[in-house]
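This report refers to the structure that appears directly beneath it.
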Ligand SMILES: Cc1ncc(COP(=O)(O)O)c(C=O)c1O
């Protein structure tokens with residue numbers, strides 16, 4: 001067989017490939033695995049969405065037909081009205097909203113729709129892998145914007161060399177952030193991004209997949225709330241985490257009409273859009289906001305408290321995030337030198353606890369592991385006991401000397 005495409009060979013190994021292999025080995029040995037690796041919500045989808053799906057599939061036969069690639073009008077109208085209600089962002093549902101088969105799909109296809117091979121995209125480092133992998137699939141190049149703890153994991157755009165900024169075409173950013181769980185202090189941060197994008201003629205894609213998974217009264221803003229945002233960019237949203245609908249595959253992109261139209265056109269050649277019955281359940285989800293979303297966020301907040309407090313008691317200083325379903329944990333001191341992949345591998349082999357190695361999110365993620373809060377209370381208790389043993393192994397008992 002001839003070589004596959006360059007874009008396939010350029011892709012880095014999938015973040016979870018090695019960890020999944022070790023997980024399979026652990027299962028084969030009948031080890032009890034506690035999986036805090038992938039951000040895959042464990043709780044059920046709320047009843048309102050499930051019931052809407054059942055009713056639609058059973059009673060509305062026309063929804064079995066091909067959907068519109070851009071999303072049905074009812075879905076786009078509901079999204080536009082929710083964006084207005086939640087963020088005060090007015091949107092034209094016909095021109096400024098496109099339904100996605102999950103926001104990951106939109107992120108990757110946006111890169112393909114706007115990039116020529118060799119063009120550069122500015123991407124946070126560390127980042128949700130679709131931000132850089134989408135660019136690689138599109139034949140583009142990435143330039144990393146370091147997200148550092150000393151800058152609260154926010155981008156310092158002033159440090160990007162002028163020549164790089166001028167030659168770049170797009171910029172992906174994401175707050176609340178995966179994997180660092182960082183948030184923007186308020187929407188004024190976006191003003192700098194917009195000014196930077198205008199100066200260098202860049203498209204901005206702000207990934208707001210975690211806008212509703214926030215804690216302690218923190219309210220995540222939309223990039224589109226700020227004047228001028230729509231001139232330069234779009235925002236993606238997801239049903240996956242907010243409503244426990246990860247497997248339903250539904251999200252949307254909204255904002256700049258030209259960018260939305262490009263994604264819509266690209267999708268119309270590639271897919272038929274999210275299934276109509278899934279879109280209608282998405283409408284039910286947005287209609288159920290804020291109650292369902294708040295209840296789900298409250299579960300993550302409780303889990304965050306439990307896990308952070310437990311880790312602190314073990315002497316592992318993990319920051320308490322204001323949003324997302326993740327803890328971004330610096331490797332504990334005695335394990336720093338081994339690096340995040342070796343740490344995650346050893347933790348899994350020795351204890352059955354799965355975490356995501358930070359380096360899988362880019363070189364800037366080295367020195368950290370990400371823990372996804374996707375299991376229930378008893379399992380966090382077990383995970384903490386196992387991590388305790390791992391970090392502070394019991395000293396071997398001294399052999400009792402024979403007195404004779
Ligand atoms: C920052 C971020 N964006 C997008 C996604 C993809 O979400 P979806 O399920 O909507 O494709 C994820 C999933 O983990 C994510 O963390």
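Going by the structure shown, is residue 31 more than 25 Å from residue 267 (Cβ to Cβ), more than 16 Å from the ligand (Cβ to nearest atom) and more than 26 Å from the chain's Cα centre (by Cα)? Spell out the reasoning first.
Numbers: more than 25 Å from residue 267 (Cβ to Cβ): yes; more than 16 Å from the ligand (Cβ to nearest atom): yes; more than 26 Å from the chain's Cα centre (by Cα): yes.
Against the criterion (more than 25 Å from residue 267 (Cβ to Cβ), more than 16 Å from the ligand (Cβ to nearest atom) and more than 26 Å from the chain's Cα centre (by Cα)), residue 31 qualifies.
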TODO: List every residue pair whose Cβ atoms lie under 9 Å apart, where the two residues are 6 or more positions apart in sequence or sit on different chains, the first residue falls within the range 318-333 and is more than 20 Å from residue 391 (Cα to Cα), and the second residue, located anywhere, is within 13 Å of the ligand (Cβ to nearest atom) and part of a strand (DSSP E or B).
DONE: 321/328; 325/372; 326/356; 326/370; 326/372
Task: Members of the range 14-53 that are part of a helix (DSSP H, G or I) and farther than 14 Å from residue 283 by Cα - done: 17, 18, 19, 20, 21, 22, 23, 24, 25, 26, 27, 28
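Could you list, in sequence order, the residues of the range 250-260 that are in a strand (DSSP E or B) and more than 9 Å from the ligand (Cβ to nearest atom)?
Taking the range 250-260 and keeping what is in a strand (DSSP E or B), we get 251-255.
Those that are in a strand (DSSP E or B) and more than 9 Å from the ligand (Cβ to nearest atom): 252, 253, 254, 255.
Among the residues that make up the range 238-249, is at least one of them in a loop (DSSP other than H, G, I, E, B), surrounded by fewer than 20 Cβ atoms within 10 Å (Cβ to Cβ) and within 13 Å of the ligand (Cβ to nearest atom)?
First pass over the range 238-249, keeping only residues in a loop (DSSP other than H, G, I, E, B): 239-245, 249.
Narrowing further to those that are surrounded by fewer than 20 Cβ atoms within 10 Å (Cβ to Cβ): 249.
Pick out the ones that are also within 13 Å of the ligand (Cβ to nearest atom) and you get 249.
Yes: the range 238-249 contains one or more residues that are in a loop (DSSP other than H, G, I, E, B), surrounded by fewer than 20 Cβ atoms within 10 Å (Cβ to Cβ) and within 13 Å of the ligand (Cβ to nearest atom).
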- [ ] Could you tell me which numbered condition residue 272 fails, if it satisfies all but one of (1) under 27 Å from residue 322 (Cβ atoms); (2) out of contact with any helix residue (DSSP H, G or I) (no Cβ under 9 Å at 6 or more places or on another chain); (3) part of a loop (DSSP other than H, G, I, E, B)?
- [x] (1)
Open item on the list: Here is a list: 352, 315, 358, 364. Which entry is touching a strand residue (DSSP E or B) at 6+ places or on another chain (Cβ under 8 Å) and at positive phi?
Closed with: 352
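Hey, any hits in the range 54-62 for a residue that's out of contact with any helix residue (DSSP H, G or I) (no Cβ under 6 Å at 6 or more places or on another chain) and either under 19 Å from residue 262 (Cα atoms) or within 16 Å of the ligand (Cβ to nearest atom) (or both)? First the steps, then the outcome.
Taking the range 54-62 and keeping what is out of contact with any helix residue (DSSP H, G or I) (no Cβ under 6 Å at 6 or more places or on another chain), we get 54-55, 58-62.
So of that shortlist, the ones also either under 19 Å from residue 262 (Cα atoms) or within 16 Å of the ligand (Cβ to nearest atom) (or both) come out as none.
The answer is no, given that none of the residues of the range 54-62 is out of contact with any helix residue (DSSP H, G or I) (no Cβ under 6 Å at 6 or more places or on another chain) and either under 19 Å from residue 262 (Cα atoms) or within 16 Å of the ligand (Cβ to nearest atom) (or both).
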Open item on the list: Step by step: first the residues of the range 152-167, then only those that are in contact (Cβ under 8 Å) with a residue 24 or more places away in the chain and more than 25 Å from residue 358 (Cβ to Cβ), then the one that is nearest to the ligand (Cβ to nearest atom). Which residue is that?
Closed with: 165
Open item on the list: Could you go through the range 106-122 and let me know if any residue there is away from the ligand (no atom under 14 Å from the Cβ), in contact (Cβ under 8 Å) with a residue 40 or more places away in the chain and more than 23 Å from residue 165 (Cβ to Cβ).
Closed with: no
- [ ] Test each condition in (1) within 15 Å of the ligand (Cβ to nearest atom); (2) within 29 Å of residue 72 (Cα to Cα); (3) surrounded by fewer than 22 Cβ atoms within 10 Å (Cβ to Cβ) for residue 100 and report the one that comes out false.
- [x] (3)
- [ ] Consider residue 180 carefully, then state whether it is under 27 Å from residue 6 (Cα atoms) and crowded, with 16+ Cβ neighbours inside 10 Å.
- [x] no
Task: Residue among 138, 48, 99, 61 that is modelled with pLDDT under 95 and more than 20 Å from residue 179 (Cβ to Cβ) - done: 61
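Would you say residue 348 is more than 22 Å from the chain's Cα centre (by Cα) and in contact (Cβ under 8 Å) with a residue 24 or more places away in the chain?
Values: more than 22 Å from the chain's Cα centre (by Cα): yes; in contact (Cβ under 8 Å) with a residue 24 or more places away in the chain: yes.
Answer is yes for this residue.
Scan 74, 2, 85 and give me the residue that is in a loop (DSSP other than H, G, I, E, B) and more than 30 Å from residue 340 (Cα to Cα).
Values: 74 fails: in a loop (DSSP other than H, G, I, E, B); 85 fails: in a loop (DSSP other than H, G, I, E, B).
Going through 74, 2, 85 in turn, just one is in a loop (DSSP other than H, G, I, E, B) and more than 30 Å from residue 340 (Cα to Cα): 2.
The rows are residues; the columns are (1) under 17 Å from residue 78 (Cα atoms); (2) more than 16 Å from the ligand (Cβ to nearest atom).
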position	(1), (2)
191	no, yes
202	no, yes
214	no, no
228	no, yes
262	no, yes
271	no, no
276	yes, yes
284	yes, yes
Open item on the list: Go through the range 356-377 and report how many residues are over 23 Å from residue 11 (Cβ atoms) and in contact with a helix residue (DSSP H, G or I) (Cβ under 6 Å, 6 or more places away or on another chain).
Closed with: 1
Open item on the list: For the structure I just gave you, tell me whether residue 230 is out of contact with any helix residue (DSSP H, G or I) (no Cβ under 7 Å at 6 or more places or on another chain), in a helix (DSSP H, G or I) and more than 27 Å from residue 292 (Cα to Cα).
Closed with: no
- [ ] From the list 222, 144, pick out the single residue that is within 16 Å of the ligand (Cβ to nearest atom) and surrounded by fewer than 23 Cβ atoms within 10 Å (Cβ to Cβ).
- [x] 222
TODO: Can you confirm whether the range 324-332 contains a residue that is part of a helix (DSSP H, G or I), modelled with pLDDT of 95 or more and buried (at least 17 other Cβ atoms within 10 Å of the Cβ)?
DONE: no
- [ ] Within the range 194-217, work out how many residues are in contact with a strand residue (DSSP E or B) (Cβ under 6 Å, 6 or more places away or on another chain) and part of a helix (DSSP H, G or I).
- [x] 1
- [ ] Consider only pairs whose beta carbons are under 6 Å apart and that are at least six residues apart or on different chains; among these, list those whose first residue lies in the range 179-194 and is assigned by TED's automatic domain parsing to the domain that holds residue 324 and whose second residue is surrounded by fewer than 23 Cβ atoms within 10 Å (Cβ to Cβ).
- [x] none
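The values are calculated or read from the model by the stated rules, or taken from the named source; none is laboratory data. This structure is a prediction, so every number in the text was calculated from the model and none was measured. Don't worry about glycine lacking a Cβ; one is built from the backbone with ideal geometry, like all the others, and counts go over all protein chains shown.
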